[in-house]
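Inspection log for the structure reproduced underneath, given as structure tokens.
The values are calculated or read from the model by the stated rules, or taken from the named source; none is laboratory data. Given the structure is predicted, the values throughout are model-derived calculations rather than measurements. Ideal geometry is used to build each Cβ from the backbone, glycine not excepted, and the neighbour counts take in all protein chains shown.
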Amino acid sequence: MIGTLYNQSGQLNIKVLLVCPYDLDHHGGVQNQVKLLKNGLVNKGINTKILAPSSYDYDIGNAVKIPFNGSQNPITFFPNKKIIKEAISWADVIHVHEPFMPFFFWRLHTKKKIIVTHHANIGNFIKACLKFLYLFTRYKKLYSTAVSSEALNNATALNKEIVIIPNMIEINKDIRYVDNGNFLFIGRDEKRKNLKLFIQLANFYETKFKFIAVTNEKTINKSVIYHISPSEIEKKSIISNVGIYIAPNNKSESFGITILEAINHGNVAICSDIKAFKTLLNDSGIFFANNNFEDLKEKISHVKKENISEIWSKQYEYISQNYSMDKVLQKWIYVYKNI
């Protein structure tokens with residue numbers, strides 16, 4: 001493998017390059033996980049850098065937003081080849097996130113070990129097109145991972161042998177549930193995030209509760225309190241102990257990191273019954289029929305009649321056992337050591 005595996009301090013002696021196609025200055029689930037992974041690895045004494053638009057380590061150039069999979073994604077069409085070459089030369093292991101955004105992945109001309117992680121749940125047509133395109137690349141052997149079974153379905157375009165390693169979250173050990181009785185939404189104002197259902201709920205209850213939306217654009221609606229693109233520190237303060245988090249997403253989700261964030265900051269999660277969310281929370285979840293307003297109201301009524309603190313505790317315990325940063329980091333360190 002790579003020289004001596006451990007240094008004199010007993011730490012893993014490899015250089016890990018995390019490759020992210022999306023601009024790190026923009027909020028997004030992939031960017032969040034890449035930053036979190038770097039911080040975790042560095043804290044474990046593993047030399048780690050990021051190759052991405054707006055990276056402090058290796059900045060590949062300015063990004064522009066393009067539509068992809070029902071969202072607007074900030075990527076760099078013409079990455080700096082010199083920076084890419086420098087980053088690859090530095091690294092021992094290259095870990096590419098979201099390889100279906102191929103604008104610089106195809107330019108990674110190297111014989112070094114490459115790991116890819118699939119995050120998105122993309123449509124069959126796009127997957128078929130990308131599978132065809134990847135027939136012409138030189139990456140025949142990859143260690144392929146996916147964050148969930150939904151993302152795994154896409155990963156087969158590159159590799160038949162895929163390992164699921166979920167997204168992670170730094171568990172908030174000081175949080176407790178406080179029943180403030182209000183409602184929370186986190187996500188961009190896109191069709192698949194279904195903010196309109198949250199607004200419909202706010203209009204129904206009118207001034208009885210507060211409805212707080214952490215999003216990217218403000219709509220003309222006085223029933224909702226909007227917080228537009230807050231910093232991570234501001235966001236944590238805003239979403240702490242609101243009460244009930246509504247995840248109304250209606251399609252194309254592969255994981256649900258905002259659900260973990262909401263529970264981790266003292267909120268009970270009520271989610272649409274799409275496959276990704278049911279897999280994410282399993283028996284700890286509270287689910288309503290996808291895009292069904294009447295069923296959503298019924299589930300809210302049910303939760304408010306139950307011991308809501310116990311519901312939160314069950315969800316919090318579940319995410320702590322399955323998605324804690326410490327546990328997921330150990331899986332990645334094992335991969336880096338044994339690839």
Exercise for the section: Name, by its number, the condition in (1) touching a Phe, Trp or Tyr at 6+ places or on another chain (Cβ under 6 Å); (2) crowded, with 20+ Cβ neighbours inside 10 Å that does not hold for H95. Expected result: (1)
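Quick test for you: out of Y226, Y245, pick the one residue that is hydroxyl-bearing (S, T, Y) and without any contact (Cβ under 8 Å) to a residue 24 or more places away in the chain.
Y226
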Exercise for the section: Give the residue that is nearest to the chain's Cα centre (by Cα), with candidates limited to residues of the range 205-243 that are aromatic (F, W, Y) and under 21 Å from W312 (Cα atoms). Expected result: F211
Problem - Residue list for the range 28-48, restricted to those being within 12 Å of V328 (Cβ to Cβ) and either among the hydrophobic types (A, V, I, L, M, F, W, C) or touching a Lys or Arg at 6+ places or on another chain (Cβ under 9 Å) (or both) - result: L36, L37, L41
Fill in the blank from the handout: D59 fails exactly one of (1) among the acidic types (D, E); (2) within 22 Å of V328 (Cβ to Cβ); (3) at pLDDT 95 or above, namely (2)
Handout entry: Qualifying positions in the range 266-304 - of a type in the set (D, E) and not in a helix (DSSP H, G or I)
Key = D273
Handout entry: Selection within the range 20-48 - at pLDDT 95 or above and in a strand (DSSP E or B)
Key = N47, T48
Handout entry: Lone qualifier among I126, I88, I115 - being under 19 Å from the mean Cα position of the chain (by Cα), hydrophobic (A, V, I, L, M, F, W, C) and at pLDDT 60 or above
Key = I115
Exercise for the section: Give just the number: which of (1) out of contact with any Lys or Arg (no Cβ under 7 Å at 6 or more places or on another chain); (2) in contact (Cβ under 8 Å) with a residue 40 or more places away in the chain; (3) not in a loop (DSSP other than H, G, I, E, B) does R192 not satisfy? Expected result: (1)
Handout entry: Residue, surrounded by the fewest Cβ atoms within 10 Å (Cβ to Cβ), within the range 313-339, restricted to residues that are more than 16 Å from I46 (Cα to Cα) and touching a strand residue (DSSP E or B) at 6+ places or on another chain (Cβ under 8 Å)
Key = S324
Exercise for the section: Please verify whether the range 238-261 includes one or more residues that are assigned to a loop (DSSP other than H, G, I, E, B), out of contact with any Pro (no Cβ under 6 Å at 6 or more places or on another chain), of a type in the set (S, T, N, Q) and surrounded by 21 or more Cβ atoms within 10 Å (Cβ to Cβ). Expected result: yes
Practice task
Taking the options I270, I228, I233, I220, name whichever one is at pLDDT 95 or above and in the same structural domain as E310 (by TED's automatic domain parsing).
Solution key: I270
Practice task
Working only within the range 291-339, note down all residues that are within 30 Å of I94 (Cβ to Cβ) and of a type in the set (V, I, T).
Solution key: I319, V328, I333, V335, I339
